[in-house]
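Below is one structure; the comments refer to it alone.
The values are calculated or read from the model by the stated rules, or taken from the named source; none is laboratory data. Remember, predicted model here, so these are calculated numbers, not experimental data. Ideal geometry is used to build each Cβ from the backbone, glycine not excepted, and the neighbour counts take in all protein chains shown. Remember, those area values only see protein heavy atoms, side chains included, never the ligands or the DNA or RNA. Shrake-Rupley method; radii C 1.70, N 1.55, O 1.52, S 1.80 Å.
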Amino acid sequence: KNQVEQSPQSLIILEGKNCTLQCNYTVSPFSNLRWYKQDTGRGPVSLTIMTFSENTKSNRRYTATLDADTKQSSLHITASQLSDSASYICVVSDSTNAGKSTFGDGTTLTVKP
Amino acid sequence: SQTIHQWPATLVQPVGSPLSLECTVEGTSNPNLYWYRQAAGRGLQLLFYSVGIGQISSEVPQNLSASRPQDRQFILSSKKLLLSDSGFYLCAWRVDRNTEAFFGQGTRLTVV
């Protein structure tokens, strides 16, 4: 069964600090991995999408890494801002179905002043 | 550019009443369309997906149904709502399985 596990479940940091969110998956055969940011009561918004051959991808203050061998990914947030407070969701797709993806439960990040 | 419209944002319905949530996509043709439900503090659960007009795949047995009457229109329905149908419903589209999904604003459904 395909699974995506995220850790920690929740995280509180001070503004300006860095943090790293983890995502472990068992989805196979692997197609791609995406990180989404979801503000409370809104739909998720894509941050990065990574394929098998990509190890690192950056988007402004967000840097995602992927280790396809160990089936792990991380999302590093640099110099956090209050607006970074949200749920971060890891989504992994396999290559056998018409776009079905497995979602993690998300990490709730709270950035405090 | 492509946009996705999902409405309403919030909805309160009595038990036993019907439901119709609509989602439309603009700026693209033949998208893959999806309906998800998200429980509080949990990940998204895929309910239905469609790869073309009239083609609906259901992921979980439930009190809901979906239809795709037009290429860029996806409708989530129920004949009689249950209390357990309450939740946050999200519509999404993508070009194909290898691309990212774009989500609508979501609908917070409360069945009372």
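So the values come out like this:
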item: Failed item in (1) open to solvent by 10 Å² or more (accessible area, probe 1.4 Å); (2) in contact with a Ser or Thr (Cβ under 9 Å, 6 or more places away or on another chain); (3) in a loop (DSSP other than H, G, I, E, B); (4) over 22 Å from B:Glu26 (Cβ atoms), with B:Ser57 passing the rest; result: (3)
item: Count of segment A:1-13 residues which are open to solvent by 60 Å² or more (accessible area, probe 1.4 Å) and away from chain B (no Cβ under 14 Å); result: 1
item: Breaking point among (1) open to solvent by less than 30 Å² (accessible area, probe 1.4 Å); (2) part of a strand (DSSP E or B); (3) away from chain A (no Cβ under 11 Å), for B:Thr28; result: (2)
item: Count - residues of segment B:69-83 that are open to solvent by 10 Å² or more (accessible area, probe 1.4 Å) and under 21 Å from A:Gly43 (Cα atoms); result: 4
item: Count of segment B:81-112 residues which are among the charged types (D, E, K, R) and in a strand (DSSP E or B); result: 2
item: Every pair of residues 6+ apart whose Cβ atoms lie under 8 Å, when the first sits in segment B:74-96 and is more than 9 Å from chain A (Cβ to nearest Cβ) and under 19 Å from B:Ser1 (Cβ atoms) while the second is in a loop (DSSP other than H, G, I, E, B) and open to solvent by less than 10 Å² (accessible area, probe 1.4 Å); result: B:Trp93/B:Pro31; B:Trp93/B:Ala101; B:Val95/B:Pro31
item: Residue tally, condition in contact with a helix residue (DSSP H, G or I) (Cβ under 9 Å, 6 or more places away or on another chain), away from chain B (no Cβ under 14 Å) and more than 17 Å from A:Thr56 (Cα to Cα), over segment A:14-40; result: 1
item: Any pair with Cβ under 7 angstrom, 6 or more apart, that starts in segment A:41-56 at a residue that is more than 11 Å from chain B (Cβ to nearest Cβ) and part of a loop (DSSP other than H, G, I, E, B) and ends at one that is open to solvent by less than 20 Å² (accessible area, probe 1.4 Å) and not β-branched (Val, Ile, Thr); result: A:Glu54/A:Leu66; A:Asn55/A:Leu66
item: Test: residue in segment B:20-35 that is touching a residue at least 40 places away in the same chain (Cβ under 8 Å) and out of contact with any strand residue (DSSP E or B) (no Cβ under 9 Å at 6 or more places or on another chain); result: yes
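Yes or no, residue by residue, for (1) at pLDDT 90 or above; (2) under 14 Å from the mean Cα position of the chain (by Cα):
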{"site": "B:Pro18", "(1), (2)": "yes, no"}
{"site": "B:Thr24", "(1), (2)": "yes, yes"}
{"site": "B:Gly27", "(1), (2)": "no, no"}
{"site": "B:Arg37", "(1), (2)": "yes, yes"}
{"site": "B:Gly41", "(1), (2)": "no, no"}
{"site": "B:Gln45", "(1), (2)": "no, yes"}
{"site": "B:Ser50", "(1), (2)": "yes, yes"}
{"site": "B:Ile53", "(1), (2)": "yes, no"}
